[in-house]
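The values are calculated or read from the model by the stated rules, or taken from the named source; none is laboratory data. Treat the numbers as computed from the prediction; the structure is a model and nothing was measured. Note that we place each Cβ from the backbone using ideal geometry, even for glycine, and neighbour counts take in every protein chain shown.
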Amino acid sequence: MQVRVSTRHGHLSEASQAKIASKAEKLLRIFDRLSDIVVVVDLKDEQTPKVDVQVSAEHKHDFMASEQSTEMMVAVDAALQKIEQQLRKYKNRVVERNRDRDRQGRQVEAEHTPEEE
């Protein structure tokens with residue numbers, strides 16, 4: 001899994017980039033099939049930096065979130081929170097779909113087995 005932090009219209013210190021990357025890596029606790037995380041910090045308007053987060057997962061299109069705030073780290077946290085909600089919702093949907101398939105499969109097997117006489 002790869003985490004990339006980039007900046008538009010400005011520069012972030014190595015410490016800030018490392019802090020953002022470590023926060024983004026925590027998304028793996030929610031969904032372990034992530035293949036790529038890209039965080040873009042846009043400093044065009046330094047008073048309200050904009051943060052875009054794009055997450056690629058296996059067998060699914062990308063998850064995206066954007067946030068703008070007066071504090072850069074607040075915007076990062078809010079964008080990561082949005083991604084976290086999207087990942088949880090997707091994971092619950094997948095788990096429920098698999099549970100339903102499993103239940104239906106067992107019901108079909110039970111209906112087709114011959115009864116012992």
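Annotations for the structure displayed:
- Filter pass, R4 being at pLDDT below 90 and loosely packed, with under 15 Cβ neighbours inside 10 Å: no
- Restricting V55, V51, V41 to residues that are surrounded by 12 or more Cβ atoms within 10 Å (Cβ to Cβ), under 15 Å from M1 (Cα atoms), among the β-branched types (V, I, T) and touching a Leu at 6+ places or on another chain (Cβ under 9 Å) narrows the list to V55.
- Filtered residues of segment 34-70 (kept if part of a loop (DSSP other than H, G, I, E, B) and in contact with a Lys or Arg (Cβ under 8 Å, 6 or more places away or on another chain)): L43, K44, E58, H59
- Test set (1) among the aliphatic types (A, V, I, L, M); (2) closer than 15 Å to E84 by Cα; (3) loosely packed, with under 14 Cβ neighbours inside 10 Å - A24 fails condition number: (3)
- Of the residues making up segment 35-88, those that are aliphatic (A, V, I, L, M) and within 11 Å of the chain's Cα centre (by Cα) number 11.
- Residue within segment 68-88 that is at pLDDT below 90, among the polar types (S, T, N, Q) and out of contact with any Pro (no Cβ under 6 Å at 6 or more places or on another chain) present: no
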